[in-house]
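Just so you know, all these numbers are worked out from the coordinates, no wet-lab data involved. Everything numeric in this text was worked out from a predicted model, so none of it was measured. Reconstructed Cβ throughout: ideal geometry from the backbone, glycine too, with neighbour counts over all protein chains shown.
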Amino acid sequence: MATPTNPFIQPDGKKPTCMEMLQLIIDNQVTEEQRLYFSQHMGHCLPCYKKYNVDMAIKELLQSKCCGGNCPDDIVAEIKLKINSMTA
Amino acid sequence: MEWEEAPRQHYTENEKQLIFNNEFMPHIHSMYNFGYRLTLDRDDAKDLVQDTYLKAYRFIESFQKGTNAKAWLFRILKNSFINDYRKKSKEPNKVDYQEVETYYNSEEVDRLITPDLRVESLKDMMGDEISNALNSLDVDFRTVIILCDLEDFKYEEMAKILDIPIGTVRSRLHRARNLLKEKLKSYAKTMGYNNA
């Protein structure tokens with residue numbers, strides 16, 4: 001089976017390192033094609049597999065614990081009141 | 001307050017209200033969280049959000065209807081934080097980014113400073129560990145993590161919000177993630193994971 005072309009390769013032909021690919025994945029800056037390529041790559045690259053799992057676990061923790069709840073209603077009301085007084 | 005080179009818009013009062021209510025207000029919860037994560041104080045976050053929305057309304061003709069309102073608002077809030085809030089509070093330590101970028105270019109150093117955390121130890125962090133670890137980072141590192149992981153902005157958007165090049169966004173994020181891991185590893189050790 002032919003090896004798929006690495007979609008992370010830059011237009012200038014520069015091949016990315018594992019670290020560079022992993023960062024783009026964790027930072028969610030990739031196309032679906034790149035995501036698929038990387039998940040296949042992890043199947044035979046243990047360091048990437050391990051780092052990916054740790055980094056994603058941290059990202060999920062951040063998303064579940066640091067989104068901080070809703071903005072208090074009084075701020076919304078206060079903003080609207082001030083805007084109305086600016087336009088009156 | 002200009003966002004790129006967008007020409008000044010002309011809106012009627014009714015259009016201004018529509019833009020404000022339909023394009024700006026839906027982001028208020030994200031804005032409040034951003035304000036809180038920057039100031040680490042709920043009252044200061046409240047003031048920052050209010051100030052941002054009033055500025056957004058005042059300068060609404062610099063905003064082009066239907067474009068990226070969220071990024072535009074985040075940029076105003078970040079600038080208000082730097083210009084108004086940060087001046088009033090104790091100036092945080094400045095990070096030497098030149099040094100950071102040098103670090104980033106060395107994979108050997110990178111391997112040494114990246115703690116070997118385990119997923120199992122992270123799964124036991126059900127309390128405030130992650131929030132405390134995030135809050136303990138220097139505000140510039142904290143900011144890129146918030147923009148990327150909590151708000152899912154693209155590199156280009158973050159570069160515009162922060163007025164820095166995309167390369168700096170990437171290196172700052174990379175360094176911020178390593179610092180966060182170092183913090184989490186020390187928490188994991190106190191939880192009994194000696195080989196966290």
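A few notes on this one:
- Its alpha carbons give chain A an Rg and a Dmax of 21.7, 71 Å.
- Pairs beyond 24 Å (Cα-Cα), from B:K70/B:K183; A:K80/B:K160; B:K70/B:K185; B:K154/B:K181; A:K51/B:K189: B:K70/B:K183; A:K80/B:K160; B:K70/B:K185
- Karplus-derived 3J(HN,Hα) values for the range B:59-74, using 6.51 cos²θ - 1.76 cosθ + 1.60 with θ = phi - 60°, are 9, 4, 6, 8, 9, 8, 3, x, 8, 7, 5, 4, 5, 4, 5, 4 Hz; glycine and proline are entered as x.
- The range A:18-88 versus the range B:48-63: alpha-carbon centroid distance in Å: 25 Å
- Mean per-residue shielding of peptide A:17-29 is 4, counting Cβ atoms of other chains within 10 Å of each Cβ.
- Note on B:K123 and A:M56: the model spin-label points, each 7 Å out from Cα along the C-beta direction, lie 1.4 nm apart.
- Length gained on full extension, B:L18 to B:E182: 54.4 nm, using 0.36 nm per residue less the C-alpha separation.
- Estimated translational D of the range B:116-182 in µm²/s (Stokes, Kirkwood radius over Cα pairs; 20 °C; 1.002 mPa s): 169 µm²/s
- Where no second cysteine Cβ lies under 4.7 Å, the cysteines concerned in chain A: A:C18, A:C66, A:C67, A:C71
- For chain A, adding -39500 (n - 2.57) for each run of n ≥ 4 DSSP H residues and dividing by the number of residues yields -20000 deg cm²/dmol at 222 nm.
- Within 10 Å of each Cβ in B:14-27, the average number of Cβ atoms from other chains: 1
- When the range B:13-88 is described by a simple charge dipole with +1 on each Lys and Arg Cβ and -1 on each Asp and Glu Cβ, the residue from B:L38, B:I19, B:L73 located farthest towards its positive end is B:L38.
- Taken over the Cα atoms of the range B:13-88, the convex hull encloses 78 Å³ per residue.
- Per-residue Cβ neighbour rank within 10 angstrom, fewest leading, B:F59, B:F81: B:F59, B:F81
- For the range B:1-88, the list of GluC sites (Glu not before Pro) that fall in a loop by DSSP and count at most 14 other C-beta atoms within 10 angstrom reads B:E2, B:E4, B:E5.
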